[in-house]
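Okay, structure first, notes after.
A short reminder: the numbers here are calculations on the coordinates, not readings from a lab. Values in this document were obtained by computation on a predicted structure and should not be read as measured data. So basically every Cβ, Gly included, is an ideal-geometry build from the backbone, and we count neighbours across all protein chains shown.
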Amino acid sequence: MKSQPLWLALLCSALIQPLQAAPLSQSAQTDPVHQAGDGVIRLYGPGGPDTALKRAAAAFQQETGIPVEVTAGPEHSWRDRAVKDADLIFAGAEQSMSAYLQSYPFLDRKSAHAYYLRRSVIAVQKGNPARITGVEDLINRPLKVVVTEGLGSYNTSGTGLWEDVAGRKGKLADVQKLRRNIVAFEQGSGASFRAFTHQQADAWITWVHWPLNHQDKADFVEIEPERRIYRGLLITKAQGADASTQRFIDFIDSPQGEPFFAQDGWTR
């Protein structure tokens with residue numbers, strides 16, 4: 001058997017070495033490049049909870065002179081920046097924060113904490129033309145309903161909300177009937193709101209701050225107490241966060257900061 005020419009052996013070695021090294025490389029989410037502490041408190045998280053956080057941030061900045069930046073939206077829109085300079089990550093549900101803790105090793109797991117809760121409601125078109133009075137209508141009437149889901153690949157506080165609401169009484173038929181009325185399973189609340197408005201759906205099962213912050217386009221109906229779901233606003237600090245970060249968290253958690261969240265329906 002002939003031995004391989006030297007040039008061929010060298011070529012094979014050059015091709016194989018990068019392949020062998022590939023598993024050692026890390027994704028953008030796990031690269032040890034996070035460097036906060038630049039004098040600006042930077043928060044990243046989903047749309048929805050951001051409105052209250054931005055009001056609180058503006059008041060805190062005016063009082064202390066410490067700049068605070070809140071960036072919100074789908075995770076893919078802020079992920080790369082958060083990896084570099086996030087001081088805080090916020091989420092709209094425990095399951096959402098658990099996913100962030102898994103994705104971003106620079107977060108201090110022990111600092112994850114829920115500061116407020118908000119309730120689920122039924123967003124309806126202005127004036128409630130379908131005359132919806134509660135979840136029983138969504139189950140028993142032929143209505144067009146939009147719901148929010150992660151669909152297995154998207155981090156959103158709305159994942160499973162509609163099912164929790166429909167199944168609260170332990171009646172399988174309630175879940176089955178509501179599912180038949182769903183016209184859109186959307187990834188994230190922003191996409192759900194767009195589907196609700198563009199499709200002129202009768203209802204969207206969501207969180208109270210969405211219709212409160214879009215009163216020009218939606219009203220809301222309270223969900224029956226026995227079906228109502230609450231999920232929290234969670235905030236987690238980054239390791240090496242700016243020194244003034246805890247001061248901002250304390251402001252959020254204080255009686256002084258509470259009104260900015262109460263305005264959006266957040267409670268304790």
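If you line up the long axis of helix 50-64 against the longest principal axis of the chain, both from Cα atoms, how many degrees apart are they, to the nearest 10?
80 degrees
Per DSSP helix of 4 or more residues, -39500 (n - 2.57); summed, then divided by the residues of the chain. What does that give at 222 nm, rounded to the nearest 500? Don't jump to the answer; show the numbers that get you there.
Numbers: 11 runs with 102 residues, N = 268.
Value at 222 nm, helices only, nearest 500: -11000 deg cm²/dmol.
On the principal axes of its Cα set, how long, how wide and how thick is the chain? Give whole Å, largest value first.
The principal-axis extents, from largest down, are 83, 58, 32 Å.
For the chain, find the longest principal axis of its Cα atoms and tell me its angle to the long axis of helix 6-21, 0 to 90°, nearest 10.
Rounded to the nearest ten degrees, it is 30.
Give, in whole angstrom and from largest to smallest, the semi-axes √(5λ) of the equivalent ellipsoid of the stretch 118-230, with λ running over the eigenvalues of the Cα gyration tensor. Walk me through the numbers before you get to the answer.
Working: eigenvalues 66, 54, 36 Å².
Working from the Cα gyration tensor, I get semi-axes of 18, 16, 13 Å.
Give, rounded to the nearest 20 debye, the magnitude of the charge dipole that the stretch 118-230 has about its Cα centre when Lys and Arg contribute +1 at Cβ and Asp and Glu contribute -1 at Cβ.
Here the stretch 118-230 has a charge dipole of around 140 debye.
Just for the chain, what percent of DSSP beta bridges are antiparallel, to the closest 5? It would help to have the intermediate numbers written out before the result.
Details: 22 of 36 bridges.
Counting only bridges with both partners in the chain, antiparallel ones make up about 60 percent.
Cross-link partners among aspartates and glutamates for Lys171, C-alpha distance below 19 Å, same-chain residues fewer than 8 apart left out?
Those aspartates and glutamates meeting the cut-off are Glu136, Asp137, Glu163, Glu224, Glu226.
When the distances between all Cα atoms of the stretch 27-149 are binned every 10 Å from zero, what whole-number percent does each bin get?
Whole-percent P(r) values from 0 Å outward: 11, 34, 27, 17, 10, 1.
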